[in-house]
1. Would you check which residues across the stretch 302-318 are surrounded by 18 or more Cβ atoms within 10 Å (Cβ to Cβ) and either among the polar types (S, T, N, Q) or not in a helix (DSSP H, G or I) (or both) and list them?
2. Tell me which of these residue 302 doesn't satisfy, since it passes every other one: (1) in contact (Cβ under 8 Å) with a residue 40 or more places away in the chain; (2) closer than 23 Å to residue 215 by Cβ.
3. Only one residue in 74, 90, 94, 118 is free of Cβ contacts under 8 Å to residues at least 12 places away in the same chain, acidic (Asp, Glu) and not in a strand (DSSP E or B). Which one?
4. Being among the β-branched types (Val, Ile, Thr), crowded, with 23+ Cβ neighbours inside 10 Å and farther than 17 Å from residue 245 by Cα, is that true of even one residue in the stretch 138-156?
5. Here's a check for you: in the stretch 164-193, which residue that is hydroxyl-bearing (Ser, Thr, Tyr) and in a strand (DSSP E or B) is farthest from residue 25 (Cα to Cα)?
6. Among the residues of the stretch 352-362, are any outside the structural domain of residue 297 (by TED's automatic domain parsing), of a type outside the set (A, V, I, L, M, F, W, C) and assigned to a helix (DSSP H, G or I)?
7. Checking the condition touching a residue at least 60 places away in the same chain (Cβ under 8 Å) and buried (at least 17 other Cβ atoms within 10 Å of the Cβ), which residue from 227, 275, 262, 245 passes?
8. Consider the stretch 7-32. How many of its residues are surrounded by fewer than 16 Cβ atoms within 10 Å (Cβ to Cβ), outside any strand (DSSP E or B) and touching a residue at least 40 places away in the same chain (Cβ under 8 Å)?
Amino acid sequence: MSIRYLNEAPASDEVVIVGGGIAGAATAFHAARAGLHPLIVEARPQLCTLTTPVAAGAFRLQFDNLEELELVRESAETFLDFQEATGQSEYDLEVRQRGYLWLTTGEATAAKQRALVEQLHGWGQTDVETLHGDDVRSRWPWVAPEVIQARWRADDGFLDTKALTFGLAAGARADVLTSAPVSGFRVDGGRLTAVDTARGSIACGTAVICAGPMSGMVARLAGVELPIVTVPRQKLILPNVPEVPPFAPMVIDEDTGAHWRPAYDRGAWLLCTEPTTPPTEPTMDVPTDHGFAFRLLDPTSPVAVARAVPFWRDVWERGADNWILQAGQYTVTPDYRPLIGPTDVDGLFVNTGYSGHGIMLGPSGGRICAYAITEPSSPNPFDPRTPRTARAQPTL
């Protein structure tokens, strides 16, 4: 095992990374590649057990801004050659490039799709296309007749989020201290000197907060305020649904934000980005919302997945399929772009605020963070000290 679990806190370390999800593992990986020794400090008894496993586990080269598009391009290169890129063979992402299919029944959304595809082509992402409704149904006969257009990229896909996290941590040859929530930071003359945890104090000159929804609370321990809120998210898992084509793409109703993808060969994961969901206080125990399953599955719901894909009506009417609910939190910034880089405390950095895109952007975001530590003059469009201008929430 390349990951070394410590029985006690070391007296000191070079870089202490607070948080053992995708952002923490990616930061550890790139810090190690930069010649630093990373220690991952995780509050829970195991890595990757809070919000990373609740993600949709997918990636797409379809973003509305060039900076994030370039990050996910870099991440995708890592995904597609993961074991070679990370130098480990214990964790396999099982990448399935089945595409992202964005459906719409309205002309206003169709016009936005065409504009985005034109913009993506201008950024060199020429493999994204728009499809007329009839062309969509010729490829995917289960799409509703009301769908007038789709946005499509065939090489987008799915992956295993836990294997991604553990593989990056293994590639870093990282030390890991679990069950060690951070209780404070020691700062002398504006400079970080140590990280205090429930298992002891660790002297260090550099620490990175990668604590996902807990990042704001952790940063506040050092007197740093981050422009983030936490928004609950739900994932509905149906392990065995014969109607779901096992080779279907990620399917998004772009008019509502409801989306689903095949999983477990005969099942599916269903999610929905609901702009009206209010922020809640960060917590490690996000309650599941049983109404979420009904909002997605009941065909009378305005966000029902059956709106764009009618076979979901059959699933609802049969009614005998078991389901599982998971809950997590998005860590959201005003412009829905991550915070990566230094804070006003010398030696204290953050890598958080991915606003639901941590799986896609996190692996390359870790590199940006490592560069911010080792090459502070390097360009960084995600510097947390730069004021953020609010923008409309992306569909996904």
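The values are calculated or read from the model by the stated rules, or taken from the named source; none is laboratory data. Since this is a predicted model, take the numbers as computed values, not measurements. Virtual Cβ from ideal backbone geometry, glycine too; neighbours counted across all protein chains shown.
1. Within the stretch 302-318, 304, 308, 309 meet the criteria.
2. (2)
3. Only one candidate qualifies: 118.
4. Within the stretch 138-156, one or more residues are among the β-branched types (Val, Ile, Thr), crowded, with 23+ Cβ neighbours inside 10 Å and farther than 17 Å from residue 245 by Cα.
5. Per the stated criteria, the residue is 193.
6. yes
7. Step by step, each of 227, 275, 262, 245 is checked, and only 262 is touching a residue at least 60 places away in the same chain (Cβ under 8 Å) and buried (at least 17 other Cβ atoms within 10 Å of the Cβ).
8. Here the count works out to 4.
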